[in-house]
1. Answer yes if at least one residue in region 210-224 is on the phi < 0 side of the Ramachandran plot, of a type in the set (Lys, Arg), touching a helix residue (DSSP H, G or I) at 6+ places or on another chain (Cβ under 6 Å) and open to solvent by less than 60 Å² (accessible area, probe 1.4 Å), and no otherwise.
2. Looking at region 154-188 only, could you name the residues that are open to solvent by 60 Å² or more (accessible area, probe 1.4 Å) and of a type in the set (Gly, Ala, Ser)?
3. Filtering region 289-304 down to residues that are at pLDDT below 85 and out of contact with any helix residue (DSSP H, G or I) (no Cβ under 8 Å at 6 or more places or on another chain), which residue is nearest to residue 74 (Cα to Cα)?
4. Please verify whether region 60-73 includes one or more residues that are in a helix (DSSP H, G or I), of a type in the set (A, V, I, L, M, F, W, C) and open to solvent by less than 70 Å² (accessible area, probe 1.4 Å).
5. Pairs please, first residue from region 76-92 and more than 17 Å from residue 134 (Cβ to Cβ), second anywhere and open to solvent by less than 50 Å² (accessible area, probe 1.4 Å) and among the acidic types (Asp, Glu), Cβ atoms under 9 Å, 6+ apart in sequence or on different chains.
6. Consider region 77-88. How many of its residues are buried (at least 18 other Cβ atoms within 10 Å of the Cβ) and either hydroxyl-bearing (Ser, Thr, Tyr) or under 18 Å from residue 147 (Cα atoms) (or both)?
7. All but one of (1) modelled with pLDDT of 95 or more; (2) open to solvent by 10 Å² or more (accessible area, probe 1.4 Å); (3) under 23 Å from residue 254 (Cα atoms) hold for residue 151; state the number of the condition that does not hold.
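The values are calculated or read from the model by the stated rules, or taken from the named source; none is laboratory data. Owing to the predicted nature of the structure, the values given are computational and were not obtained by experimental measurement. Glycine also receives a Cβ, built like all others from the backbone with ideal geometry; neighbour counts cover every protein chain displayed. Surface accessibility is based on the protein's heavy atoms, side chains included, excluding ligands, DNA and RNA. Shrake-Rupley method; radii C 1.70, N 1.55, O 1.52, S 1.80 Å.
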Amino acid sequence: MYISEWLMWFGDSVSAPIRRKWQMPKLAKHLRPSDFRRNYTKIKVSDNPRPIGPYYAYNDSYLEIRGGRGEHFRGIITLLGLVLFLIPFSYAYLAIKMIARIVTNQESDLAPAILFVSFYSLLFIIFGYFFIYYYRHICRFELFTLRHIRVRFNRVTQQVFIQRPKHCGGTVVFRWKDIMPINTDSHHSNQEQSQFVNIFYFPSYKTGLPFTDGFSIGKNTNRPQDNRDEWEFIRRYMETGLAGLPKPRLTTTLPLPFRGWQEQIKPIFDVFNQTPKLVSYLILIPSLIFILPLLSLGYFLSECLCWQFKWPEAIQEAGKIGRLKPKETQLLDYPVTIWKNQVDDNS
């Protein structure tokens, strides 16, 4: 689900007063002035670097990992969409069924039959219009869009590439040395209790953009140390290479029927471990028997109704001999409405 990514992009693309109210205070709340001066790519945070993933590629030139937050909620919007989708088409089915009766002379009273067809056809048009016009903005959080956000760390060019849907900021290129991990320091104790995945920012004072960009990677862990271990794995890969690092297990971007089980069952057990045993059993049984299969079905359908674009050629070939280094993202690379808004705000 791309709700978090969309919210951040919305905060980046609106006017400065709204940005200051919604985004920047939230970013700065857990950060001290010294945090902005640190080079996080040189700071060791763990003695146990390990990949948690899921990873899509790992070689001498780059590693690629899944991005995005809220994967354990994926499938809810899909199931809701299927239910809403059935409403207009149930009216269409009734209208077509009555038309078939009229054509085959099975309906003796023609006037009420025509009125019936007209009424249900009108309902189909009305509900279909609202479904297409409004729900399309919601369903694109997990339907008819990129199957997964991907983040590629290229150690040859020392760059980070992020592939996202356009409504979440699109594909961007940043320098590796500009990255800022948010939940790897022990003094962020309040924040690390609320974060479930590794979150990173590229601050505006480093990128030159008038807004801060960011992304998240990997699975929900609920353990700050897991986040530190994986960040240390990525950091050492980018700084020193593959030597001494465990090789991650690679997966595919294609739809898999049981990919969502691990993402969805882990939060359930995390809740159960913090509640009394009797309450846990009362919740566990219906969750596993009814809710979990439904969510898994929605997750798989969501993957099947999405696609995975290839990286742009410049990124795909980045780091190869004779190939130019991709240029970092600049404000003019964004749509006109975005950079014009930023220019107007700063004028």
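1. Of the residues in region 210-224, the ones on the phi < 0 side of the Ramachandran plot are 210-217, 219-221, 223-224.
Remaining after also requiring of a type in the set (Lys, Arg): 219, 223.
Imposing the further condition that a residue be touching a helix residue (DSSP H, G or I) at 6+ places or on another chain (Cβ under 6 Å) reduces the set to none.
The answer is no, given that none of the residues of region 210-224 is on the phi < 0 side of the Ramachandran plot, of a type in the set (Lys, Arg), touching a helix residue (DSSP H, G or I) at 6+ places or on another chain (Cβ under 6 Å) and open to solvent by less than 60 Å² (accessible area, probe 1.4 Å).
2. Taking region 154-188 as the starting set, the residues that turn out to be open to solvent by 60 Å² or more (accessible area, probe 1.4 Å) are 155-156, 158, 166, 171, 175, 177, 186-187.
The one that is open to solvent by 60 Å² or more (accessible area, probe 1.4 Å) and of a type in the set (Gly, Ala, Ser): 186.
3. Step one: filter region 289-304 for residues at pLDDT below 85, giving 289-292.
Remaining after also requiring out of contact with any helix residue (DSSP H, G or I) (no Cβ under 8 Å at 6 or more places or on another chain): 289-291.
On the way: 289: 18, 290: 16, 291: 13 Å.
Here the answer is 291.
4. Filtering region 60-73 for residues in a helix (DSSP H, G or I) gives 71-73.
From what's left, of a type in the set (A, V, I, L, M, F, W, C): 73.
With the extra rule that they be open to solvent by less than 70 Å² (accessible area, probe 1.4 Å), the set shrinks to none.
No, because not a single residue in region 60-73 is in a helix (DSSP H, G or I), of a type in the set (A, V, I, L, M, F, W, C) and open to solvent by less than 70 Å² (accessible area, probe 1.4 Å).
5. Hits for this filter: 76/142.
6. So the count comes out to 3.
7. Every condition holds for residue 151 apart from (2).
Conditions tested, residue by residue: (1) without any contact (Cβ under 8 Å) to a residue 60 or more places away in the chain; (2) within 30 Å of residue 240 (Cα to Cα); (3) over 37 Å from the mean Cα position of the chain (by Cα).
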position: 107; (1), (2), (3): yes, no, yes
position: 113; (1), (2), (3): yes, no, yes
position: 119; (1), (2), (3): yes, no, yes
position: 125; (1), (2), (3): yes, no, no
position: 129; (1), (2), (3): yes, no, no
position: 132; (1), (2), (3): yes, no, no
position: 138; (1), (2), (3): no, no, no
position: 141; (1), (2), (3): no, no, no
position: 155; (1), (2), (3): no, yes, no
